[in-house]
Amino acid sequence: VFSSGHSMGADFIRRYSRQLLVPSFGVSGQKKLSESAILIVGMGGLGSPISSYLAASGVGRLGLVDSDVVELSNLHRQIIHTEAFIGQPKVSSAASACLALNSSILVKEHGRGLNAANAVEIISQYDVVVDATDNIPSRYLISDACVATAKPLVSGAALGLEGQLSVYNHKSGPCYRCLFPVPPPPGTRQRCSDNGVLGVVPGIIGTLQALEAIKLASGFGETLSSRMLLLDAFSTRIHMVKLRGRSPNCFACGDAPQISAANLHEFDYERFTESTLSEEGPKAQEL
Amino acid sequence: VFSSGHSMGADFIRRYSRQLLVPSFGVSGQKKLSESAILIVGMGGLGSPISSYLAASGVGRLGLVDSDVVELSNLHRQIIHTEAFIGQPKVSSAASACLALNSSILVKEHGRGLNAANAVEIISQYDVVVDATDNIPSRYLISDACVATAKPLVSGAALGLEGQLSVYNHKSGPCYRCLFPVPPPPGTRQRCSDNGVLGVVPGIIGTLQALEAIKLASGFGETLSSRMLLLDAFSTRIHMVKLRGRSPNCFACGDAPQISAANLHEFDYERFTESTLSEEGPKAQEL
Amino acid sequence: MKLTLEFGGGLELLFGSVKIHEVAVPPPEGETKVTVKHLLLWIRDNLLKERPEMFLKDKSVRPGVLVLINDCDWELCGTTEAVLEEKDTVVFISTLHGG
Amino acid sequence: MKLTLEFGGGLELLFGSVKIHEVAVPPPEGETKVTVKHLLLWIRDNLLKERPEMFLKDKSVRPGVLVLINDCDWELCGTTEAVLEEKDTVVFISTLHGG
Ligand SMILES: [Zn+2]
Ligand SMILES: [Zn+2]
């Protein structure tokens, strides 16, 4: 029904008319967005609003990564899925929702998930990466692969009534390993499946992640690089804190990096973090 | 397919299991939510995430108010609608999306919109009201009707790259008229249709409105009563400011109120604000 | 007196689209205190280049503008009579209605 | 020395689920300064009632905990050697991984 969004056709102008009017975004921001490619890793509580808003806003090409299927216990927070998709792959469900909202964009499904063997090859195909995963080894893997391929990373997390959000590996800001060179000991970790999460909390963090990704892709505004947003949903308090810059001693992004696009596949993220690349895995521990 | 969410059946427990685990929310919060009714006025940029997250979270009964139809220029920000619903009433489109996500809740469509004649009667049927409209007379009408029926009001707004959010008429906090006793002069106003809005900005404000509505309906946490959240999306800065309390001189909620459930229908909101109850109306002026 | 002024909700368009202004506001002649009333006149005469009716009305801000002194509603500290202190931040924000 | 301590990201569970603690921390005997190193020991001995390994490791915080002094990463002000001042706020937040 709709012609390609990549030309400035009548449908393009009508669809994005309200964004074309925004002074610091405008026609050039919308065009840059339509020529950009963004990868979203995780189609869960964070990935749901991220993929909806990035599709709606007119990102030219979206990559969706997840190897899980939709379950009933997801639907209290994973609003991109529906009851009709229970049992189906999350990437298919999310891709179909994105295209129903905006058929003028391209959506690519990466249904086998991200691992050390494929991360560099997949991430190389995109301009901006959004970490919407739910486990520690994925967070190190994605950060390292973004450093190795020089991509900015928008990283969000939510648990219980709290959320956290930052932009890594951008300008002079830190990467995930600069902040957390050593993974937390297994006994100190909390997971959504053990500690729960109020559904709208990843919703808030996810929409804020979508904003940061749009700013990185279209090149306007100031991102959360070297800053972290902390949300306390119980009291609706939001702290904005100043973070360290890139560390010259960082294992991944420092002056003598140990990880590169060539050797990243050899790194054992599950052993490093003593945890599996999936939230429900048996190795993960609870607080 | 799914049995009613109002009993603590197996589907209820499975669907909301992650929320039942959240310490300060838990089983009692989830049960209160499933016994509550929330009215959302406006199925646009704010109403989209509000209705999605309130449906997903398990609010027992949702009322959706809007008299517009879905247009292509809505879809960059109104993520609850899809291309397939272009030309259809927004309330039908949103109701169908809410039920696809959670068939165990009740959804009521108010497709004729809210006006001085029906506001008290409609709002009386709900416990919490969410203002997701896009025009000044609606904001006064909804606030007055909430004061007249003693309902807490979650009010959000977004324009360009900015957003604002507060909770009115709750505890000792102000109502909308306490803050803004006199409407802004017509020549000073800005509208999305003239000044644009980046789609994800109402997304952020709307998910935060959903959080406040959930807290009011389930009775936990501290809301934004007597506080206002200010979002600057350009720099990702969020200010939380302290507001005045209820004003004894307020026309609506003061010690000698001029407006009540009995006489609200006589008040001419369009004349008071020199504007129409619809954003696209010819009387509205631009900055 | 050094103050940080911030304009939002569209008011920044009256100030060259600049949201944050670091300014030095001298007290009125023969006085030592700077009140918000004095600040409003100083802004009108020194920062605001056009359309003062978009910002001021009857010696106060126009309806629809919230004034915040150090993130606190000016109603809680005396509105136009509030006395400012060195390094205070005063925010002027126009209420939004869009959705 | 009066300090505001805040715990988040699950760390509050080690402190009776209370997130914000207003405390008075005396300097070490014979000294006048309170460093973060001293604060960590004071917390261990006075606030933390159980499982110190969930909070501390090798005389610092355990991996995965960010420390913020007045909303600023402690790496920017000397980590455990940072000297605290009256009314400072120190936030300890455990990194989250959920989604
Ligand atoms: Zn690094
Ligand atoms: Zn009032």
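Taken together, the residues in the range A:68-102 that are assigned to a loop (DSSP other than H, G, I, E, B) and crowded, with 18+ Cβ neighbours inside 10 Å amount to 10. Residues in the range B:114-151 that are at pLDDT 95 or above, part of a loop (DSSP other than H, G, I, E, B) and not aliphatic (A, V, I, L, M): B:N115, B:N118, B:S124, B:Q125, B:Y126, B:D127, B:T133, B:K151. A Cβ distance below 7 Å, combined with a sequence gap of six or more or placement on separate chains, defines the contacts here; from the range B:14-30, residues that are more than 7 Å from every other protein chain (Cβ to nearest Cβ) reach residues that are hydroxyl-bearing (S, T, Y) and assigned to a loop (DSSP other than H, G, I, E, B) in the pairs B:Q30/B:Y16. Considering (1) facing another protein chain (nearest Cβ under 7 Å); (2) under 26 Å from A:L54 (Cβ atoms); (3) more than 16 Å from ligand 1 (Cβ to nearest atom), the lone condition that A:G196 does not fulfil carries the number (2). Looking only at the range B:181-198, decide whether some residue is touching a residue at least 40 places away in the same chain (Cβ under 8 Å), within 16 Å of ligand 2 (Cβ to nearest atom) and on the phi < 0 side of the Ramachandran plot. Yes, there is a match, as at least one residue in the range B:181-198 is touching a residue at least 40 places away in the same chain (Cβ under 8 Å), within 16 Å of ligand 2 (Cβ to nearest atom) and on the phi < 0 side of the Ramachandran plot.
Total residues in the range A:107-126 satisfying the condition of being surrounded by 19 or more Cβ atoms within 10 Å (Cβ to Cβ) and within 23 Å of A:K171 (Cα to Cα): the figure is 5. If the condition is being surrounded by fewer than 22 Cβ atoms within 10 Å (Cβ to Cβ) and away from ligand 2 (no atom under 16 Å from the Cβ), then the range B:127-164 contributes only B:D127. From the list A:G45, A:G58, the lone residue that is at positive phi and buried (at least 24 other Cβ atoms within 10 Å of the Cβ) is A:G58.
For A:A217, state whether it is of a type in the set (G, A, S), in contact (Cβ under 8 Å) with a residue 24 or more places away in the chain and more than 10 Å from chain B (Cβ to nearest Cβ).
Details: of a type in the set (G, A, S): yes; in contact (Cβ under 8 Å) with a residue 24 or more places away in the chain: yes; more than 10 Å from chain B (Cβ to nearest Cβ): yes.
The answer is yes for A:A217.
Looking at the range D:1-24, which of the residues that are part of a loop (DSSP other than H, G, I, E, B) and touching a residue at least 40 places away in the same chain (Cβ under 8 Å) is nearest to A:N195 (Cα to Cα)? Applying the filter and picking the extreme gives D:G10. Scan the range A:50-82 for residues that are in contact with a Phe, Trp or Tyr (Cβ under 9 Å, 6 or more places away or on another chain) and facing chain B (nearest Cβ under 8 Å) and jot them down. Across the range A:50-82, the qualifying residues are A:S57, A:G58, A:L72, A:S73, A:H76, A:R77, A:I79. Regarding the range B:47-64, can at least one residue be identified that is at pLDDT 95 or above and more than 19 Å from B:A100 (Cβ to Cβ)? No, because not a single residue in the range B:47-64 is at pLDDT 95 or above and more than 19 Å from B:A100 (Cβ to Cβ).
Candidates in the range C:83-99 are the residues that are within 12 Å of the chain's Cα centre (by Cα) and more than 30 Å from B:I40 (Cβ to Cβ); of these, the one that is farthest from the other protein chains (Cβ to nearest Cβ) is C:L84.
Do we find a residue being in contact with a Leu (Cβ under 9 Å, 6 or more places away or on another chain) and within 14 Å of another protein chain (Cβ to nearest Cβ) anywhere in the range C:27-42? Taking every residue of the range C:27-42 in turn, none turns out to be in contact with a Leu (Cβ under 9 Å, 6 or more places away or on another chain) and within 14 Å of another protein chain (Cβ to nearest Cβ). For residues in the range A:144-189 being over 12 Å from the mean Cα position of the chain (by Cα) and hydroxyl-bearing (S, T, Y), which is nearest to the other protein chains (Cβ to nearest Cβ)? Result: A:T188.
The rows are residues; the columns are (1) modelled with pLDDT of 95 or more; (2) under 20 Å from D:A82 (Cβ atoms); (3) touching a Pro at 6+ places or on another chain (Cβ under 9 Å).
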| site | (1), (2), (3) |
| --- | --- |
| D:F7 | yes, yes, no |
| D:V25 | yes, yes, no |
| D:R44 | yes, yes, yes |
| D:D58 | no, yes, no |
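Between A:S96, A:S52, A:S73, A:S92, the distinction of being polar (S, T, N, Q), under 30 Å from A:F25 (Cα atoms) and more than 17 Å from the chain's Cα centre (by Cα) belongs to A:S96 only.
Of the residues in the range B:245-256, not one is acidic (D, E), part of a helix (DSSP H, G or I) and out of contact with any strand residue (DSSP E or B) (no Cβ under 6 Å at 6 or more places or on another chain).
Considering the range B:223-249 alone, what residues qualify as being away from chain C (no Cβ under 12 Å) and either in contact (Cβ under 8 Å) with a residue 12 or more places away in the chain or exposed (fewer than 15 other Cβ atoms within 10 Å of the Cβ) (or both)?
Let us first name the residues in the range B:223-249 that are away from chain C (no Cβ under 12 Å), namely B:223-225, B:236, B:248.
Within the range B:223-249, B:T223, B:L224, B:S225, B:P248 meet the criteria.
The values are calculated or read from the model by the stated rules, or taken from the named source; none is laboratory data. Remember, predicted model here, so these are calculated numbers, not experimental data. Cβ coordinates were reconstructed from backbone atoms using ideal geometry, including for glycine residues, and neighbour counts include every protein chain displayed.
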